[in-house]
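Sharing a structure with you now.
The values are calculated or read from the model by the stated rules, or taken from the named source; none is laboratory data. Predicted model only: the values in this text are computed from it and were never measured. Backbone-built Cβ (ideal geometry, glycine too); neighbour counts: all protein chains shown.
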Amino acid sequence: MLNYYRSRRHLDDVAEFLGSILDPRASPESRANVLHWLARIAETVTETDYPMGATR
């Protein structure tokens, strides 16, 4: 059950980051920072030891 909520939390984080990237008021520096952290989240959820992560 906790694994589901952890996965759900990451999806919520991704949605928040995407909203920040699409905000027309965001500076290029802000977008670069958001993209950096979005990439880190993507790396985390695709790890083999992450619940429901990719299988390699």
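Say whether the condition of being of a type outside the set (S, T, N, Q), part of a loop (DSSP other than H, G, I, E, B) and modelled with pLDDT of 80 or more is met by at least one residue in the range 25-32.
Just the residues of the range 25-32 that are of a type outside the set (S, T, N, Q), to begin with: 25-26, 28-29, 31-32.
From what is left, the residues that are part of a loop (DSSP other than H, G, I, E, B) are 25-26.
Filter once more, so that each one left must be modelled with pLDDT of 80 or more: 25-26.
Yes, the range 25-32 has at least one match.
Please tell me if Arg8 is part of a helix (DSSP H, G or I) and among the charged types (D, E, K, R).
On the way: part of a helix (DSSP H, G or I): yes; among the charged types (D, E, K, R): yes.
Answer is yes for this residue.
Could you check the range 14-42 and list, in sequence order, the residues that are surrounded by 10 or more Cβ atoms within 10 Å (Cβ to Cβ) and either among the acidic types (Asp, Glu) or in contact (Cβ under 8 Å) with a residue 40 or more places away in the chain (or both)?
Within the range 14-42, Glu16, Asp23 meet the criteria.
State all residues of the range 1-34 that are under 18 Å from Asp49 (Cα atoms) and touching a helix residue (DSSP H, G or I) at 6+ places or on another chain (Cβ under 6 Å); if no residue qualifies, say none. Quick ask: steps written out before the conclusion?
Pass one, the range 1-34, residues under 18 Å from Asp49 (Cα atoms): 1-11.
Within the range 1-34, just His10 meets the criteria.
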